[in-house]
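Heads up, the thing below is written out as structure tokens.
The values are calculated or read from the model by the stated rules, or taken from the named source; none is laboratory data. Note that the structure is a prediction, hence the values are computed from the model and not measured. Neighbour counts are summed over all protein chains in view; Cβ atoms, including those assigned to glycine, are modelled from backbone coordinates with ideal geometry.
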Amino acid sequence: MQNETAPSPVGMTPVPASHSEAETTRAPERTAAPAPTQQPTPAAPETKSPGPVAKWLGRNRWFTKEPVSYLGYQAFRSTMATIPYGFGMATVLHLMGMLGVKGQRMGLTEKGIEAFNKGGIGAVVEGIGAINDVKFIPELHKAGRAGEVGRNIMRLANSPLTPALQTAVSFTMFRFVGGLVKTVRDKVMNDKNTPDDTHREVANAGNTIKETAKKNWKAEYTGTVWAALTLGFMNALFKPSEPYARKVLAEGGAEKTVDAVKRVLGKSSKLLQNCALWAVSYSAFFEVDERIQKDVKLREGTWKGHSNSLLPKPDVTVGTPPKKDENGKPLPEDQQAPKPKYAAFTEDPSIGRVVFRRLLPVAVGISAYAALKRVGYVMAGGSMQPVTDAVMKKGLAENIKHWGTNAWREGAATATFFALWMTADTWGVMYDKFFNHLQNKDNAKPLNEHQQQKYEDLLTRVNAKEQQVGRGAAATS
């Protein structure tokens, strides 16, 4: 409870009253009480002056919203997300590669290892395909139970399990970090912010990251298994027909970068097949994973979106939630709120919204990403290289270098994922604006004079026919 009298300023000595004032206020025959000990007033919390970045963002509300700066924001967001992604992909590949080398040493002879390194476990070269056969081949296989165990370990390490584990670990971290960057940006550059609000959000960015991480992490790793199944196992079906790197020419020297880019995007590169497979796998992942995340956040009480929408923010496009009785069961259709005029394209779920608001932008964005990622590999020096028996023999330092190179290549190429984010986010905003405009009655255009005259003529003819049959006027203007 606050005191009604204001405390004396800190450090000030009480000023004695004047003589007359003292006589009138002092009680007769009573000794004056000792002056109370001065208690220092608690200092008000210091408000730090906003830094130059916060001041600039407070003045420039357009930043990250017009095309150039929006592209820069999405590129930065994608780059930050690819840091843990690249290291995660390289780490899982290296560990599974080490396991595969262990299996090769247990199950293959030196000739078998040499043959494997030339063409891989699925190559159609004399002697290579025989590695997968049950029949024992003395010149390629080592004898005994240990040899059989080694060959099975080798098969496991080179199976679709490896890309599935890579995706489960890395893509989860990618989306998690990307979500943190997006949340901070949305809070700092909120259209409703005043300059002071922007300064406060910039200063509070650290706490925003902590709170968002606590809220989002459980929802992210819950969808990890589904990510592994869809993106990992499905994408393992695609085998590149061209190396995503500059080739070494027969006459010496390396292929020109421009020629390498043309080759990895050409007809023989199976780019269209790549786009189609990714469109299916990523769409399947997003559709299920976002529902998993919504369910987790609903249970945790952290869902801020519409109950009928998968967007984790207010969504005015999807219509009103269904009315329910006391037991939570939907009321009859005649007691529900009327559906929007374009419900087939705005309600969630609906075929129109799923196809045109969710699947189509993913297909377009992921196709752009598939092409840009190949270019990214070329610019970064190539795609990740497997761990071989030769790499393992070079010692710890060479293994660390191999791992770091793979992390750099994968991270640099995946930084182009901003193509999907830009497409999906921009598409979604424009889609919602379009249908919100159509469904807003205030946007209905009044009839012009010509249209009004045609309407009057139509009513006149209809009323004349109605009167002929004795039913009176159908309508009046």
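Table: residues versus (1) under 43 Å from the mean Cα position of the chain (by Cα); (2) in the same structural domain as residue 245 (by TED's automatic domain parsing); (3) modelled with pLDDT under 85.
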{"residue": "404", "(1), (2), (3)": "yes, yes, no"}
{"residue": "409", "(1), (2), (3)": "yes, yes, no"}
{"residue": "415", "(1), (2), (3)": "yes, yes, no"}
{"residue": "428", "(1), (2), (3)": "yes, yes, no"}
{"residue": "434", "(1), (2), (3)": "yes, yes, no"}
{"residue": "439", "(1), (2), (3)": "yes, yes, yes"}
{"residue": "451", "(1), (2), (3)": "no, no, yes"}
{"residue": "458", "(1), (2), (3)": "no, no, yes"}
{"residue": "474", "(1), (2), (3)": "no, no, yes"}
message: Tell me whether the stretch 246-258 contains one or more residues that are in a helix (DSSP H, G or I) and at pLDDT 90 or above.
response: yes
task: State all residues of the stretch 312-349 that are under 26 Å from the mean Cα position of the chain (by Cα), assigned to a loop (DSSP other than H, G, I, E, B) and either buried (at least 17 other Cβ atoms within 10 Å of the Cβ) or not assigned by TED's automatic domain parsing to the domain that holds residue 71 (or both); if no residue qualifies, say none.
output: 312, 315, 317, 318, 319, 347, 348
- prompt: Which one is surrounded by the fewest Cβ atoms within 10 Å (Cβ to Cβ) among residues in the stretch 265-311 that are in a loop (DSSP other than H, G, I, E, B) and small (Gly, Ala, Ser)?
  reply: 301
- request: Could you list, in sequence order, all residues of the stretch 221-252 that are in contact with an Asp or Glu (Cβ under 9 Å, 6 or more places away or on another chain) and touching a residue at least 60 places away in the same chain (Cβ under 8 Å)?
  value: 222, 223, 226, 227, 245, 246
- line: Exactly one of 206, 150, 178 is of a type in the set (Gly, Ala, Ser), touching a residue at least 12 places away in the same chain (Cβ under 8 Å) and within 25 Å of residue 61 (Cα to Cα), and that residue is 178
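Every residue, every condition in (1) touching a Lys or Arg at 6+ places or on another chain (Cβ under 9 Å); (2) at pLDDT below 90; (3) within 30 Å of residue 98 (Cβ to Cβ), yes or no:
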position: 113; (1), (2), (3): yes, yes, yes
position: 119; (1), (2), (3): no, yes, yes
position: 139; (1), (2), (3): yes, yes, yes
position: 144; (1), (2), (3): no, yes, yes
position: 147; (1), (2), (3): no, yes, yes
position: 154; (1), (2), (3): yes, yes, yes
position: 177; (1), (2), (3): yes, no, yes
So residue 371, is it under 30 Å from residue 404 (Cα atoms), out of contact with any strand residue (DSSP E or B) (no Cβ under 6 Å at 6 or more places or on another chain) and either part of a helix (DSSP H, G or I) or of a type in the set (A, V, I, L, M, F, W, C) (or both): yes
statement: In the set 390, 368, the lone residue that is within 28 Å of residue 260 (Cα to Cα), modelled with pLDDT under 95 and among the small types (Gly, Ala, Ser) is 390
query: Here is a list of conditions, (1) polar (S, T, N, Q); (2) under 20 Å from residue 434 (Cα atoms); (3) modelled with pLDDT of 80 or more, and residue 309 meets all of them except one; can you say which number that is?
result: (3)
